[in-house]
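Asker: The structure under discussion is supplied below as structure tokens; questions concerning it will follow.
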Amino acid sequence: MSEDSKKSVANVMWGGRFSQSPSALMEAINASIDFDKRMAFQDIEGSIAHCMMLIASDIISKEDGESILNGLYQIRKEIEDGEFIFKKSLEDIHMNIEGRLREIIGDAAGRLHTARSRNDQVALDIRLWIRDAHDRTAEQITKLIKALLDKAEKNTDTVMPGFTHLQSAQPVTFGHHLMAYVEMFGRDLTRVRDSRTRLNESPLGACALAGTSFPISRHMTALALGFDGPTRNSLDSVADRDALLEFMSLASICAMHLSRLAEEITLWMTPQFNFIKLPDRWTTGSSIMPQKRNPDAAELVRGKTGRVIGSLVSLLTTMKGLPLTYSKDMQEDKERVFDAADTIEIVLAAMTGMIEDIQPVPERMAAAAGAGFATATDLADWLVRELNIPFRDAHHITGHLVAEAEKQGCDLSDLPLEVMQKADSRITDAVYGVLTVAASVHSRTSFGGTSPKRVAEQVAYWREKI
């Protein structure tokens, strides 16, 4: 077969993009530099610590070590200045940096990889990167919680309806509603902190999978890189991606919380609710309907939740069938975790901005809070408390009065006393004191309840805790 014929066959087999040979396809599927270059600074940081340890352990000469360090500092500066050329032919960030180091200092560059493998090197780099991602996420969750606290503190007595099944249930306050999300994001924050503590062990020195015969000090490199210590099993060190999975798990839960809040913002902005206003910077108009103010930022927060959850499922699926230790499948971890981290950061920032800018419409919230016989439970509680009626009986009496109010087309508070007394003759006009929305809200004084006093207490608690 002629060379032209061979090329023609290759084109058919591999498609138009891979016109040279199967090696072009292998390069495309194997190379990771397009995405793992994001770990460039972590790779250099790890190499600096490794080199210093090699010098201190007399594994390489001080002269070679200093040459390597100076070369690494130069490469870091080139990357910072945008002058570094990333080459796909060198496959990944590790080989790109090592290749450039050899260009700068010559053969001494080859000594840097003594007592190290790309297996523990990449495990270290991604662990350093995900540790930084934990710190960024913790900072952003904290900012969101503070924004919620500020808004809740200003609305401890802004009455709104509470819902179950998206049906009016009992009156609550806007501040209390926002504090429910403080609780959610507070749990997210503890998950971030717990995960960061767990991941803070260094895999560097595990080498390919079995450790090394060189007299290295893994404790020295761990300390230099800010870890609590080295990992304790060389096999697990290169095979483990739990830190990434745990980050994406906590990010998925956080994104779910964000999505729930985003859904409420979307509902609250509809004319049917009209509970809140958002400024133009968080909304868009319509190309055909001039009256529209679409809550696109909230909708995108809700929509991007699927990306975070999808990234978690993707990596779980990748890892589920891998025997110890390293397999090339694990290269698929980075794009997923990078995307999840980028997404959770942007949606946290967007939600923080929206919460800061939300303006409630108190009169609309208050009107809706009294709809749907929202004080019915207060009536039942009054019957129990004042007339010593068993709650189940009080529930039945209240249900009867709700039906009567429906029939008359009025609220419970508008029912005449004689109508109330037909349901139970012991009812007095004192009952009307509990049938207002304000009275209902202020009466919920149990710990964690919606009364303005309790909401203010929880705001103070969380301010101190944060």
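The values are calculated or read from the model by the stated rules, or taken from the named source; none is laboratory data. Not measured: the values here are computed from a predicted model. Here the Cβ positions follow ideal geometry from the backbone for every residue, glycine too, while neighbour counts run over all protein chains shown. For accessibility, only protein heavy atoms count, side chains too; no ligands or nucleic acids. Shrake-Rupley method; radii C 1.70, N 1.55, O 1.52, S 1.80 Å.
Asker: Can you pull out the residues in the range 432-453 that are touching a His at 6+ places or on another chain (Cβ under 9 Å) and open to solvent by 60 Å² or more (accessible area, probe 1.4 Å)?
Answerer: 453
Asker: I would also like to ask the following. Which of the following residues is over 30 Å from residue 208 (Cβ atoms), surrounded by fewer than 22 Cβ atoms within 10 Å (Cβ to Cβ), in contact with a strand residue (DSSP E or B) (Cβ under 9 Å, 6 or more places away or on another chain) and of a type in the set (A, V, I, L, M): 169, 147?
Answerer: Testing whether each residue is over 30 Å from residue 208 (Cβ atoms), surrounded by fewer than 22 Cβ atoms within 10 Å (Cβ to Cβ), in contact with a strand residue (DSSP E or B) (Cβ under 9 Å, 6 or more places away or on another chain) and of a type in the set (A, V, I, L, M) leaves just 169.
Asker: Quick check on residue 349: is it among the aliphatic types (A, V, I, L, M), touching a residue at least 24 places away in the same chain (Cβ under 8 Å) and under 22 Å from residue 153 (Cβ atoms)? First the steps, then the outcome.
Answerer: Working: among the aliphatic types (A, V, I, L, M): yes; touching a residue at least 24 places away in the same chain (Cβ under 8 Å): yes; under 22 Å from residue 153 (Cβ atoms): yes.
Judged against the criteria, residue 349 is a match.
Asker: Kindly establish whether residue 303 is within 30 Å of residue 172 (Cβ to Cβ), surrounded by 14 or more Cβ atoms within 10 Å (Cβ to Cβ) and not charged (D, E, K, R).
Answerer: For residue 303, the condition - within 30 Å of residue 172 (Cβ to Cβ), surrounded by 14 or more Cβ atoms within 10 Å (Cβ to Cβ) and not charged (D, E, K, R) - is not met.
Asker: Those residues that are acidic (Asp, Glu) and either surrounded by 14 or more Cβ atoms within 10 Å (Cβ to Cβ) or modelled with pLDDT under 95 (or both), I need them from the range 83-95; list them, please.
Answerer: Result: 91, 92.
Asker: Which condition number in (1) in a helix (DSSP H, G or I); (2) open to solvent by 60 Å² or more (accessible area, probe 1.4 Å); (3) under 30 Å from residue 122 (Cβ atoms) is the one that residue 326 fails?
Answerer: Single failed check for residue 326: (1).
Asker: What are the residues in the range 180-199 that are more than 21 Å from residue 350 (Cβ to Cβ), open to solvent by 10 Å² or more (accessible area, probe 1.4 Å) and in contact (Cβ under 8 Å) with a residue 40 or more places away in the chain, if any?
Answerer: Of everything in the range 180-199, those that are more than 21 Å from residue 350 (Cβ to Cβ), open to solvent by 10 Å² or more (accessible area, probe 1.4 Å) and in contact (Cβ under 8 Å) with a residue 40 or more places away in the chain turn out to be 193, 196, 198.
Asker: Taking the stated definitions as given, is residue 338 exposed (fewer than 15 other Cβ atoms within 10 Å of the Cβ) and aromatic (Phe, Trp, Tyr)?
Answerer: no
Asker: Those residues that are of a type outside the set (Gly, Ala, Ser) and either touching a strand residue (DSSP E or B) at 6+ places or on another chain (Cβ under 8 Å) or buried (at least 19 other Cβ atoms within 10 Å of the Cβ) (or both), I need them from the range 310-323; list them, please.
Answerer: Within the range 310-323, 312, 315, 319 meet the criteria.
Asker: If I ask for residues that are free of Cβ contacts under 8 Å to residues at least 12 places away in the same chain and either of a type in the set (Asp, Glu) or open to solvent by 60 Å² or more (accessible area, probe 1.4 Å) (or both), which ones from the range 96-109 would you list?
Answerer: The answer is 102, 103, 107.
Asker: So for the range 110-132 (the condition being basic (Lys, Arg), in a helix (DSSP H, G or I) and within 16 Å of the chain's Cα centre (by Cα)), does at least one residue qualify?
Answerer: Applying the first criterion (basic (Lys, Arg)) to the range 110-132 yields 111, 116, 118, 127, 131.
Add one more test, that the residue is in a helix (DSSP H, G or I), and what stays is 111, 118, 127, 131.
Of the ones still in play, those that are also within 16 Å of the chain's Cα centre (by Cα) are 131.
Within the range 110-132, one or more residues are basic (Lys, Arg), in a helix (DSSP H, G or I) and within 16 Å of the chain's Cα centre (by Cα).
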